[in-house]
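Q: Could you have a look at this structure, given as C-alpha cells, before my questions?
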Amino acid sequence: MDLLEYQAKALFSEMGIPVLPSQRIDYPKDLKRLKIPYPVVLKSQVHTGERSSLGGIKFVENTIDAVAAAQTIFNLPIKDEYPEVLLAEAKYNADQELYLAVVLDPIVRRPVLLGSAQGGIDTETAMKNMQQVVVNQEFSPFYARRLMVKIGLQGKLIESVSHIVEKMYQLLVEKDLDLIEINPLGISPRGEVMALDGKVSVNDYALGRHPDLVSLVGKNISNNYEIKQEQVKGIDNNSLLVTSNLNGVSSEKIIPNYRLKFTELQGNIGILCNGEGLTMATVDLVMQAQGKPANFLNIKLGDYLEVKESLRSQMFTALDLVSQKENVKVVLINVIGIVQTSDELITIIYEYFNKLKSIDQETIPFVLRLLGGRIGRARERLSGLPVEVMENLEDAVNKAVFLSK
Amino acid sequence: MDLLEYQAKALFSEMGIPVLPSQRIDYPKDLKRLKIPYPVVLKSQVHTGERSSLGGIKFVENTIDAVAAAQTIFNLPIKDEYPEVLLAEAKYNADQELYLAVVLDPIVRRPVLLGSAQGGIDTETAMKNMQQVVVNQEFSPFYARRLMVKIGLQGKLIESVSHIVEKMYQLLVEKDLDLIEINPLGISPRGEVMALDGKVSVNDYALGRHPDLVSLVGKNISNNYEIKQEQVKGIDNNSLLVTSNLNGVSSEKIIPNYRLKFTELQGNIGILCNGEGLTMATVDLVMQAQGKPANFLNIKLGDYLEVKESLRSQMFTALDLVSQKENVKVVLINVIGIVQTSDELITIIYEYFNKLKSIDQETIPFVLRLLGGRIGRARERLSGLPVEVMENLEDAVNKAVFLSK
Amino acid sequence: MNLTRDSKVIVQGVTEKISTQIALMMKSCGTNVVAGISPGEGGKEWHGIPVFSLVEQAVAKVGIIDTSVIVMPAYQVLDAALEAIASGLKQIVIVTEGVPPLDMVKLLRKAEATETLIVGPNCAGIIVPDQLLVGTHPTEFYTPGPIGIISRSNTLTYEVAWELTKSRLGQSISVSLGCDPIVGSSFLQWLQILDEDERTELIVLIGEVEGASEEIAASYISETIDKPVVAYISGTYAPINQNHSHANSLISARVAGEKYDSNGEIESKIAAFEAVKIPVAKRPSDIPSLVRNSLQKKYI
Amino acid sequence: MNLTRDSKVIVQGVTEKISTQIALMMKSCGTNVVAGISPGEGGKEWHGIPVFSLVEQAVAKVGIIDTSVIVMPAYQVLDAALEAIASGLKQIVIVTEGVPPLDMVKLLRKAEATETLIVGPNCAGIIVPDQLLVGTHPTEFYTPGPIGIISRSNTLTYEVAWELTKSRLGQSISVSLGCDPIVGSSFLQWLQILDEDERTELIVLIGEVEGASEEIAASYISETIDKPVVAYISGTYAPINQNHSHANSLISARVAGEKYDSNGEIESKIAAFEAVKIPVAKRPSDIPSLVRNSLQKKYI
C-alpha cells in the first residue's frame, strides 16, 4: 500500500530524517491559518509521482494566491485521482538534488540501496545515473557509504547523506516497507540535507504487525472503499475492500482478510480462479478464444483446508465482484485441486443462486470448470441452475466465450 | 549500572512485560493517597537482592499499618544503603514462581538465557535447578522455547513464558543491558504470568546511545555522587562521579568521561596506575611488601595520544581521589608505556603540588614509578618536591611501603 | 538434496487440523513423516505421528532430519525456519502464504550461509510421484515419468501436470517455487537440480509475466542446461497494466540486462526464450506435443 | 594468520591525529601499512600513507589486505569491523576502548562465520618484535626471541616484556587480548596459535583475577599445549570484593566447571594452574627465572 507524501513525511520525521515545516490542508480556507511563512509550495496529495508536470504543484507568495491555487489543485484530477488533502510546505533552496531509495529486489532477494547524484523531477536523468548497492548481509552503515562513493559524493556529504540512507533503511526494516524513496533530497549551499519529496510503500502482508501504519493509512482505506463500493452492486457489507492501485487502466482490490485479488477490465466475461498463475492462464485462453474479460479475480481456496466458516462469505464476496456488474454477461469459474473443499464450493454456488433469486436479482449463466473435485456430484447438485459444469479447461473457456456473444 | 526495582519495572511495562499495579512512595505520607487497594506490599528500593530476609519488604492491610511500615523501611539500611524510595505494589497470588534471566556471558561471548522452575526468595534452589540456553546466533523465539522445555514447562505455559523471555531479550538488545532478571515470575492458577520482582543492569559503555536510560537513572547518579562526595575532600566539582557499586567492602566509582576506576580500602597508601592489570599487580606488590593500600585507581592515560586538554583535569581528579583522604600517608604512582605523554604527566604532577601549596593544603610524599618515559627529565623537573622518581617497580613499591610506616 | 523415499520429514505447525491433514496427506503418498512440531503439544500424536514441542527433540529421537514442511501462521514462519536450520535441517518447504518479505530476507541470509534449500513461501512444495511429497501437491494429477516441472504457480502446475499425465508423460519431480514476492529458491537453482537429476529427461518451466526471473532463466538455460526445456508463461495475452515505481522498474531493467527491453516485458519474455531456441507453449494443452517434439529431437 | 613483515595492514580511523600517530608508529616498526581509511577523507594522505573513504577502495588499489587496526570512536567500531570483514580482511585489531558488549556479540557472530580473527577491543594488539606491530605496543620494551606472551592486560604486558628483555629473553609474539568485558579472541585461540608458531619456545600467560578464562586456559594447556607455559595472574593478593548477581555467579561457576570452587576464585585460579603443573609467578620479576627453569627442563 502506497502512502501519500504527507504520511511518508510523518514517518521520515519520526525517524529523524529532516523534512521542511509543513501543514496539511483539508480545505482551501485552511490556508488562512497557515503557520508557515510565504513563499509556500502547495502539493496535491495523490499517489502518482508525475503530479508536478500535471499541475499538481504550485508555488504561492500570499494567502489570496494560495487559496486560489488550492481550489485549482483540489479540482484537478491527477491520473483520475482527486486529492483529498494538500500539503503546504516551506520553500527550500537546494544547491543540488539527489535521488535516494531503498527497495526490496525480488531477484537478489535483498534490499537494494539506490542513489543518483541527479535527482529531482527529471527522472530520466536520475535513472541513467543510478547506482546501486545490494545489502547482502545484515545492514551496517558502510553499505550506505559505499553508495555515497559510487554516486560521487565527497567530504562531509558522504557522512551526512549516508546517515539519511541509514535512517531510510532502518525505517524499511522497522515498518516492513517494500519501498522508501526520497526524490529529491535537497542539499543546501551549506551542505545541509532535506527530504523534499518522499514515497513509501508498505508491505500488505506485514500490516498486521504495524497497527500504527494501519491507523496512519486508515483514512485512505475507508475512503477508497467507499469510492469503489458504488461501482459494485450487492457487495456483502461486512467485507472490507481495499483499493491498492487507483491509477491507470486497471484497479486492483485487495481484501486483506480473505486474500482476494480483483482486477476490472472492459469486457463481458467475469473470471474467477484459484491461483495467480491459473487466473492469468485462464484470462489468456479467453483472449485467445476472442472473448473479452470483464474482470478477473484470484481467490485462495487453499490447497489445504481453509477455515470453513470464512469460505462461504469469502466466496459470496468473490461471486458478487465477478458477476454483479451490468457489463458482465457470463461468469467463468476455474478451480482446480481442491478435492476436500469442492463439495463445499458447489453448495456455496447453489446457495448464491438461491440468494439472488430471493432478492429478485436477475441471474446470468455460469460456467464452472472443476478439476480434482467430484464433478458428477456438482452436475447433480447444480442441475436446474444456469450453471454449466465441465472438466476440460478449453471446453469451458469456449463455452463461456460462446455465451458472452 | 544497576537500576532499582521500580525503574526496571518501568522498562518491563514499556516492553509489554506484565507488572502489577504499583506506586512510587517518596515519603510515608504518600501512602495516604494510595490508589492500589489493600493488601499491599511495600518494598525498599535498594540495589541488593537480599532485602526480603533483611526486613526490606512488608505486607500491609491498611493505611495506618502502611505508614508505620514505610517509616520503618525508610530507616532501615540494607547492606549500608538507605532507600530513597519505596514501591507500593498490589499483592499477587502465584501458584508457581519461576526464575528467568538473560545475561551476557563473557566466556561464550553471547547472551545466555537462564531459567529455573524454582524461582523466588530461595535463590539456592533456583540456582541448583538452573537451566541455560546460549543464544549463539541472532535471537529467534525458538531459543526461548528451548529454555521452557529444559525447565520442564508444558502446554500453553511454553508459549506464554517464552513470550516473556522474548521480550526480556528484546529489552536487553534495545537498551544494551548486561543483565535482565525476573525473579520471581509469578504464574497464577489460571496460567497468567506476572513479573513480581526484577533486576536490570545497564551497560555503562552504551549509555551514550540511550539518553532515555540516562534520564531514568539520572537521580541515582546525582544522589550517589553527593553521598560519596562528602568522603573525598577537594574533589574537582566539575567532575561527575558515578558510584556503581554501593554495597560491601569496596565501593567503585566510575567517571564516565574520563574512564577512571577507583576503589577505596582501609590502608594508608594511595595507588594510581595506568591499566587494570598493572593496577592489580601493583596492589599485589604492595600487599606482598606488607604495605596497606588506602585505595587504588586505574586511569586510562592512553597507549596512544589522549586529547590533551582532558588529561590535566582528569589527572587532577585522580590525584585528589588517591591522595586527599586523612588516612593516606603516601601515594604510589606507577605508569608505563606513555612515552609521548610522560612529559605532560610530569608537568601535571608539578602543577598539582603547586595548587596544593597555593591553597595551603598539606602535602604527603609521592613515589613516581615511570617506565618508558624520560626519567631524567622527571627527576629534574620534580626536584624540590616530595616526589621520589624511580624506574624499578619493586624499588618503588618498597619505598612507598617504607614511607607509609 | 535428499528427495527419496528415505528422506526424513517433519511438519511444523500450530493449528492441529491443517498440520495434521498435510502430514497425513504426505504420509499417504509414501513420505517418511517422522514427527510433527507444535510448541506446547509435545507428547501428543497426530494419528500415529509423534508430536514434539521442539525440532531438536525430534532430532534427538529420530536422528538427522532432512526436510521440514512449515505450515505455521505467517508471522511465525521465520522463527520456525530458523529453528529447523539450527537443528541441522537442510531442506525447508514453506506452505504458508503471506510471510513478510523482510522476514524472508533474514531467513535467506541465514539459509545461504548454512546452505539450506528453501522452497516457498506460499508454495505447493515438491512432489516425486509415488515416492515423496513435501508440500501440498494433489497426488491424483501426477504419475511417475521423465518430465521435471519447475513452476512459480501452484494450481497452474497441477493443470500442466494433468495435461502431461493425460498424454502419458509422467513426471520425475515437480516443484512449485511459491507465489509470494520473495521466495526461497529460484528457477536457476531448480534448473540445476533437475539437470543433475537422473530421472529427469526434460524440464517444463512454468513462468509468469510479472518480474524478470524468466528472462534470467532463459539465458541460464542456454548457457548451462543440457536437457531440453519447454516453457509456458501465463499472462502473456492478459491485458494487465503493471504500475512500477521508478526504483522497481529500474531493478527489473537491471536484472533483465541490456539484452531485453524492460518496457515491453511480455514480449521480452517470449523473445528471451525464443532467442535461445526454447519452445514456448501458447496454452497448457500445447505442452505435451512440444515435450514430445523436444524428446524426439533429443533422441535423434 | 599472517603475522609477517609482508602482511598488508590498514588503519581505520576518523580522528586524523590519533589514527595517523598509530599508523606511523606501526610503519616505523616495519609494518607494511598500505592505507588509512577515513570516510570523507578519501584522496588525502597521512604522511605518505594514502587515505581512502572505503576499505573496498583500498582493496581495489593494493589487493587483498590482511589486517585492519581499528581506532574509530567506540560506537562506530562494529560498522568499521563489518566493513573490513565484507572486504575480505581476516584479522582485525580493535584498539578503541568502550565498545558496547552487544556490538561485540554481533561482530563475533559474523567473525566466527567468516573465520575472522578479532583482537580487542581495548587492546594493544599484536607485536612481533622487529617485524610487525598491529596495535599500540611500545616497541622499546621488546626484543626478538623465543618467548610468546598472551595477556589480558595492556600496560602489564609491557612490564612483563620489559622484565624478559632485561633478562635477555626476547619475544616471538606478544598479544594483548583486550581489557573490555567481551573481547574477540581468547587465551585458547592464542595458545593454539603460539603452540603452532615456529619461533615460540615458551608461552607466558598473563591473567587477571576477574572472570574464569584462566581456569579454562589451564585445563586447555594441560590437554593440548605441548610447549611449556609460565603463568602470572595479577590481583591475587589484592583485597577485592566482587559483587556478582546470581546470574553472573552462575555463569562463572558453570564455566569454571565442577573442579573449582567459584566462591574462592582467587585461590581456584592458582590451584587450576598448579594442578596441571604450570608454574605461577608471584610477581613480574619472578617470570624470567621461571621461564629459564622451564626452558632448561624442556631441553634436558
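Quick note: the coordinates plus some simple rules give every number you see, no bench work behind them. Everything numeric in this text was worked out from a predicted model, so none of it was measured. Quick reminder, even Gly has a Cβ in these numbers, built from the backbone with ideal geometry, and neighbours come from all protein chains shown.
Q: Between copies, how far does the label point of B:Arg379 sit from its twins, in nm, shortest first, when each point is 7 Å from Cα along Cα→Cβ?
A: Copy-to-copy label distances at B:Arg379, shortest first: 11.7 nm.
Q: Another one. Just for the Cα atoms in chain D, what are the lengths along the principal axes, largest first, rounded to whole Å?
A: 57, 46, 31
Q: Run the label-point distances for A:Val173 please: 7 Å along Cα to Cβ, every other copy, nanometres, shortest first.
A: 0.9
Q: Once both labels are modelled 7 Å past Cα along the beta-carbon direction, what's the D:Asp6-D:Gln189 spacing in nm?
A: If labels sit at D:Asp6 and D:Gln189, their model points lie 2.4 nm apart.
Q: Let me ask something else about it. Rounded to whole Å and sorted largest first, list the principal axis extents of the Cα atoms in segment B:252-404.
A: Answer, in whole Å and largest first: 36, 34, 32 Å.
Q: Can you list, largest first and rounded to whole Å, the semi-axes you get for the protein assembly as shown by taking the square root of 5 times each eigenvalue of its Cα gyration tensor?
A: The three semi-axes for the protein assembly as shown are 65, 35, 35 Å.
Q: Hey, another quick one. Lys and Arg at +1, Asp and Glu at -1: add these up for the other residues within a Cβ distance under 12 Å of D:Glu83 and post the number.
A: Once all neighbours under 12 Å are counted, the net charge is +1.
Q: Based on the alpha carbons, how large is the Rg to Rh ratio for chain A when Rh follows Kirkwood?
A: Ratio of gyration radius to Kirkwood radius: 1.06.
Q: So, one more: Between the helical axis of B:276-288 and the dominant principal axis of chain B, each derived from Cα atoms, what acute angle in degrees is found, rounded to the nearest 10?
A: Once rounded, the angle reads 70 degrees.
Q: Taking H placed 1.01 Å from N in the peptide plane, check which residues at least 5 places from B:Arg369 or on another chain put their amide H under 5 Å from its amide H.
A: Answer set, sorted by chain and number: B:Ile333, B:Asn334, B:Val335, B:Met390.
Q: Let me ask another. Return the percentage of antiparallel bridges among DSSP beta bridges fully within the protein assembly as shown, rounded to the nearest 5 %.
A: Beta bridges within the protein assembly as shown, antiparallel portion: roughly 50 percent.
Q: Could you give each residue of segment C:137-150 its phi-based ³J(HN,Hα) in whole Hz, using Karplus coefficients 6.51, -1.76, 1.60 with θ = phi - 60°, and x for Gly or Pro?
A: These are the phi-based 3J(HN,Hα) values: 3, x, 5, 5, 8, 10, 8, x, x, x, 9, x, 10, 10 Hz.
Q: Something else about it: What is the angle, in °, between the Cα long axis of helix A:211-229 and the longest principal axis of the Cα atoms in chain A? Nearest 10 is fine, range 0 to 90.
A: Relative to chain A, helix A:211-229 is tipped by roughly 50 degrees.
Q: Just to be sure I understand: chains D and C are related by a rotation, so which residue of D has its Cβ closest to that axis, and how close in Å?
A: D:Ala113, 3
Q: Let me ask something additional. Can you sort A:Ile17, B:Ile348 so the residue with the fewest Cβ neighbours within 10 Å comes first?
A: Ascending number of Cβ neighbours within 10 Å: B:Ile348, A:Ile17.
Q: Quick one: angle between helix C:101-114 and the longest Cα principal axis of chain C, in degrees between 0 and 90, rounded to 10, please.
A: Between the helix axis and the principal axis of chain C, the angle is about 80 degrees.
Q: Hey, another quick one. Per residue of chain A, what 222 nm ellipticity follows from adding -39500 (n - 2.57) for every DSSP H run with n ≥ 4, rounded to the nearest 500?
A: After summing the helix terms and dividing by residue count, I get -11000 deg cm²/dmol.
Q: How much of the DSSP bridge set in segment B:96-206 is antiparallel, in percent, rounded to the nearest 5?
A: 100 percent
Q: Shifting gears a bit: Tell me, C:Thr165, C:Thr67, B:Thr72 in order of fewest to most beta-carbon neighbours within 10 Å?
A: Ranking C:Thr165, C:Thr67, B:Thr72 by Cβ neighbours within 10 Å, fewest first, gives B:Thr72, C:Thr165, C:Thr67.
Q: For D:Gly207, what charge total do you get from the other residues with a beta carbon under 9 Å from its beta carbon, if Lys and Arg give +1 and Asp and Glu give -1?
A: 0
Q: Let me ask something additional. Which of the lysines could a cross-linker span from A:Lys32 if the Cα-Cα distance has to be under 21 Å and same-chain partners fewer than 8 positions apart are dropped?
A: A:Lys43, A:Lys58, A:Lys91
Q: Just from the alpha-carbon atoms, what are the Rg and Dmax of segment A:96-206 in angstroms?
A: 13.1, 42
Q: Taking N as the number of residues in segment D:1-147, what is its Cα Rg relative to 2.2 N^0.38 Å?
A: That works out to 0.96 for segment D:1-147.
Q: Over the alpha-carbon set of segment D:113-185, work out the extent along each principal axis and list the three values in angstrom, largest first.
A: 40, 22, 16
Q: Sorting C:His137, D:His47 on the 10 Å Cβ count, fewest up front, what's the list?
A: Ranked by crowding around the Cβ, least crowded first: D:His47, C:His137.
Q: Looking down the axis that turns A into B, which residue of A has the closest beta carbon, and how many Å out?
A: A:Glu138, 4
Q: Give me the net charge for the shell around A:Gly267: Cβ to Cβ below 13 angstrom, other residues only, Lys and Arg +1, Asp and Glu -1.
A: Net of charged neighbours comes to +2.
Q: Excluding residues fewer than 8 places away in the same chain, name every one of the lysines whose C-alpha is closer than 23 Å to that of C:Lys90.
A: Hits, sequence-local ones excluded: C:Lys8, C:Lys27, C:Lys61, C:Lys106, C:Lys110, D:Lys110.
Q: I've got another one for you. Could you work out the relative contact order of segment A:105-145, using alpha carbon pairs under 8 angstrom and six or more residues apart, expressed as a whole percent?
A: Normalised by residue count, the contact order of segment A:105-145 is 38 percent.
Q: Moving on. What is the antiparallel percent of DSSP beta bridges lying wholly in chain C, to the nearest 5?
A: Among the beta bridges of chain C, antiparallel pairing accounts for roughly 20 percent.
Q: Moving on. What list of ³J(HN,Hα) couplings, whole Hz, do you get for segment A:343-350 from phi and the Karplus terms 6.51, -1.76, 1.60, once you set θ to phi - 60° and write x for glycine and proline?
A: Each residue of segment A:343-350 in turn: 4, 4, 4, 4, 4, 4, 5, 4 Hz.
Q: I'd like the Karplus ³J(HN,Hα) series for segment B:97-113: coefficients 6.51, -1.76, 1.60, θ = phi - 60°, whole numbers in Hz, and an x wherever there's a Gly or Pro.
A: 10, 9, 10, 9, 8, 10, 9, 7, 9, x, 7, 7, 6, 9, x, 10, 8
Q: To the nearest whole number, what is the average tally of beta carbon atoms from other chains within 10 Å of the beta carbons of peptide C:281-291?
A: Per residue, the number of nearby Cβ atoms from other chains is 2 on average.
Q: Please compute the volume of the convex hull spanned by the alpha-carbon atoms of segment A:21-90 and report it per residue in Å³.
A: So the per-residue hull volume is 72 Å³.
Q: Amide H of C:Val11 versus every other amide H placed in the peptide plane: which residues, excluding those fewer than 5 positions away on the same chain, fall under 5 Å?
A: When sequence neighbours closer than 5 places are left aside, the close amide H contacts are C:Ala35, C:Gly36, C:Ile37, C:Val69.
Q: Between copies, how far does the label point of A:Thr63 sit from its twins, in nm, shortest first, when each point is 7 Å from Cα along Cα→Cβ?
A: Computed spacing set for this position: 5.6 nm.
Q: Still on this structure: Would you pull out the residues with amide H under 5 Å of B:Val202's amide H, same chain only if 5 or more places away, H placed 1.01 Å from N?
A: The answer is B:Asp2, B:Leu3, B:Asp178.
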